[in-house]
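Before any comments, here is the structure.
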Amino acid sequence: MQQPDLAALAARQLAAWPLARDNYEALHAVRTRRFTVDGCELRLQFNPARIRSTAARVDARSVGERPCFLCPDHLPAEQMRTPWGDGYLLLLNPYPIFPTHFTLPALAHTPQTLAGHTLDFIRTTRALEGFTVFYNGPRCGASAPDHLHFQAGNRGFLPLENEVTVRTRRTIIPADTHGNTLYTLPGYLRPLLVLRSANETWTDEHLQRIIALLPTPPGETEPRLNLLGWYDTSKWTLCLFPRTEHRPRRFYAEGTGQLLLSPASVDLAGVFITPREEDFLRITPHDLRDTLREVTPSPDEMERIIRLLEE
Ligand SMILES: [Zn+2]
């Protein structure tokens, strides 16, 4: 995959699309709170334009009744479409979290799943050097669970990127002679698996093995997970977060008990998005820790998964 001039592409798109331009300009003034919880950096971004994603109704009926906003026929007329990889488009996301934020939908209306598409993810990660590419499972934050898509945002924005390199590791698969390895980060508030490799085939095989070992809930098509990846110094780093709940309990609470946090890849990577000012102002580090705990496996369950991977 050839990397187009992404900065030029984004600039052309913003010049031609007032809605996107306004939302990217609003991002310059976005308010952020920073916390350190158990040695992890967590940020909270107050981003009103993300209400459509945070509060998206993703049950089968709601999804079935709305026109799919990622299908080429339904994209806004102003949205520029750049062909990408094997059957995808590269689009500027008009409701950004990152200073440059792309969405990469499949051309065909096909369900959100990694099955058969892990190599697409890995190749996109390599081609978008300088960006973190991410995938939200259909029950783990994707607001279009019915249409396969990845997203990408600038490197240097997510605390995860630095933390996976500097925190103490626990090795699951020791590095081979090529440096291919799988590890986890003990005490990271939300359990994850980190693949580090210079080899595309090794990365794909191990990603598929992890997915095959994770439990798939009854009636669902794949294990619940969020996946982020980037490519630098001729190596992939893939971070997979196994998931349990789609949304924390307080998302569904009524009145003042409600917190509109709907964690997906970006939140698990350390930047929580909240579209409501009242939540932005009152959320405590304790709330963030509880939210992470509720949507990720318990230490015992994670230990079981790690043991399987060690075999
Ligand atoms: Zn679609």
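The values are calculated or read from the model by the stated rules, or taken from the named source; none is laboratory data. Everything numeric in this text was worked out from a predicted model, so none of it was measured. A quick note on method: Cβ atoms are made from the backbone with ideal geometry, for glycine too, and the neighbour counts reach across all protein chains shown.
Of the helices (runs of 4 or more DSSP H) lying entirely inside the stretch 237-300, those containing at least 3 residues that are crowded, with 16+ Cβ neighbours inside 10 Å are 265-268, 285-295.
To keep it simple, each residue is scored yes or no on (1) within 13 Å of the ligand (Cβ to nearest atom); (2) over 17 Å from residue 20 (Cβ atoms); (3) not acidic (Asp, Glu).
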| residue | (1), (2), (3) |
| --- | --- |
| 101 | no, no, yes |
| 109 | yes, yes, yes |
| 122 | no, yes, yes |
| 128 | no, yes, yes |
| 131 | no, yes, yes |
| 137 | no, yes, yes |
| 142 | yes, yes, yes |
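Kindly evaluate residue 249 against the criterion of being among the basic types (Lys, Arg) and in contact with a Gly (Cβ under 6 Å, 6 or more places away or on another chain). So residue 249 fails the test. Looking for something without any contact (Cβ under 8 Å) to a residue 60 or more places away in the chain, within 16 Å of the ligand (Cβ to nearest atom) and either acidic (Asp, Glu) or within 30 Å of residue 191 (Cα to Cα) (or both) - is there at least one such residue anywhere in the stretch 62-70? Looking through the stretch 62-70, at least one residue is without any contact (Cβ under 8 Å) to a residue 60 or more places away in the chain, within 16 Å of the ligand (Cβ to nearest atom) and either acidic (Asp, Glu) or within 30 Å of residue 191 (Cα to Cα) (or both). The set of residues from the stretch 218-234 being surrounded by fewer than 16 Cβ atoms within 10 Å (Cβ to Cβ) and either in a helix (DSSP H, G or I) or touching a residue at least 12 places away in the same chain (Cβ under 8 Å) (or both) comprises 220, 221, 232, 234. Any residue at all in the stretch 73-83 that is within 13 Å of the ligand (Cβ to nearest atom) and out of contact with any Leu (no Cβ under 9 Å at 6 or more places or on another chain)? Yes, the stretch 73-83 has at least one match. Would you check if residue 177 is closer than 29 Å to residue 36 by Cα and of a type in the set (Val, Ile, Thr)? Taking the combined requirement at face value, the residue does not satisfy it. Restricting attention to the stretch 148-170, the residues that are within 16 Å of the ligand (Cβ to nearest atom) and out of contact with any helix residue (DSSP H, G or I) (no Cβ under 9 Å at 6 or more places or on another chain) add up to 1. Is there a residue in the stretch 172-180 that is within 19 Å of residue 243 (Cβ to Cβ), surrounded by fewer than 21 Cβ atoms within 10 Å (Cβ to Cβ) and touching a residue at least 60 places away in the same chain (Cβ under 8 Å)? Checked against the condition, which is being within 19 Å of residue 243 (Cβ to Cβ), surrounded by fewer than 21 Cβ atoms within 10 Å (Cβ to Cβ) and touching a residue at least 60 places away in the same chain (Cβ under 8 Å), the stretch 172-180 yields at least one hit. On the stretch given as the stretch 111-129, residues that are in a loop (DSSP other than H, G, I, E, B) and at pLDDT 95 or above total 8. Here is a check on your reading of the model: is residue 117 of a type outside the set (Lys, Arg) and either free of Cβ contacts under 8 Å to residues at least 12 places away in the same chain or away from the ligand (no atom under 14 Å from the Cβ) (or both)? So residue 117 passes the test.
Out of the stretch 181-217, which residues are without any contact (Cβ under 8 Å) to a residue 24 or more places away in the chain, in contact with a strand residue (DSSP E or B) (Cβ under 9 Å, 6 or more places away or on another chain) and of a type in the set (Val, Ile, Thr)? Residue satisfying the conditions is 181 alone.
Restricting the stretch 84-99 to residues that are of a type in the set (Phe, Trp, Tyr) and over 25 Å from residue 205 (Cα atoms), the residue that is nearest to the ligand (Cβ to nearest atom) is 95.
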